[in-house]
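Here's the structure, in structure tokens; my notes come after.
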Amino acid sequence: METKDKNPVYSNSDTSKVNLTEAEWKKALPEDVYHIAREKGTERAFTGKFWEHKEVGTYNCAACGNPLFTSDGKFESSCGWPSFFEPITKGSIIYAPDNTYGMSRTEVMCGRCKGHLGHVFEDGPPPTGLRYCINSVILDFSGGSAGAKTKEPEKKIEKKP
Ligand code: FE
């Protein structure tokens, strides 16, 4: 994607934290991604590219490339934004209380670049009961196996001497 060419930190595998200045972010990101990620914007419901998206694959942070969710953790929600019941790993997301607009909500941010993603609510489906309500604009999709999901490390088989 041409927009990533200007982004010096974009990577689907580098897990090191990203700390750019706002001026550097402004240069690195398309305007719509900058608005969501850095200004905590919200896209209008039912307008994003992923609320109805059903392909198998991984959803990465559009600001830094960090894998955030997989199609395995996505569910059909009537809210108009892509909705997930769990992130790809615990550390892929960070949380913060958000009391703006007279509401008490929990903001979710990218664990690598701290870009704003959306909010998490406690009205999701089993097994977690959570609904991660995420802006499409801040997601990049890479199709392929849902096996991109990080698996528990397999137990090492002790070799007999
Ligand atoms: Fe990120």
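Residues His116, His35, arranged from fewest to most other Cβ atoms within 10 angstrom of their Cβ, appear as His35, His116. Comparing Ala45, Cys133, Leu20 along the charge dipole axis of the chain, the residue lying farthest to the positive side is Leu20, per the Cβ-charge model.
The label-point distance for Ile94 and Glu39, in a model that sets each label 7 Å from Cα toward Cβ, rounds to 2.3 nm. Count the net charge of all other residues whose Cβ sits under 13 Å from the Cβ of Lys49, scoring Lys and Arg as +1 and Asp and Glu as -1. Counting the neighbours of Lys49, the net charge comes to -3.
Packing around the peptides 66-74, 105-113, taken as the average count of other Cβ atoms within 10 Å per residue, puts them in this order, highest first: 66-74, 105-113. As a rough footprinting exposure proxy, the listed residues Lys114, Lys49 were ranked by other beta carbons within 10 Å of their own, and the order from fewest upward is Lys49, Lys114. Full extension of the chain segment joining Glu31 with Thr106 gains 24.5 nm, where the gain is 0.36 nm per residue of separation less the Cα-Cα distance. Modelled spin labels at Glu22 and Glu76, positioned 7 Å past Cα toward Cβ, are 4.2 nm from each other. If you take the Cα centroid of the range 108-137 and the Cα centroid of the range 1-41, the two points sit 19 Å apart. Among His119, His53, sorting on how many other beta-carbon atoms sit within 10 Å of each Cβ, with the fewest leading, yields His53, His119.
Rounded to whole numbers, the Karplus 3J(HN,Hα) couplings from phi for the range 51-56 are 5, 10, 7, 10, 6, 8 Hz, using 6.51 cos²θ - 1.76 cosθ + 1.60 with θ = phi - 60°, and x at Gly and Pro.
Across the range 5-19, rounded Karplus estimates of 3J(HN,Hα) from the backbone phi angles (6.51 cos²θ - 1.76 cosθ + 1.60, θ = phi - 60°) give 4, 8, 9, x, 10, 5, 7, 8, 10, 6, 9, 5, 5, 10, 10 Hz, Gly and Pro being marked x.
None of the figures in this text is laboratory data; all of them are computed from the coordinates on show. Not measured: the values here are computed from a predicted model. Neighbour counts run over all protein chains shown; Cβ positions are idealised from the backbone, glycine included.
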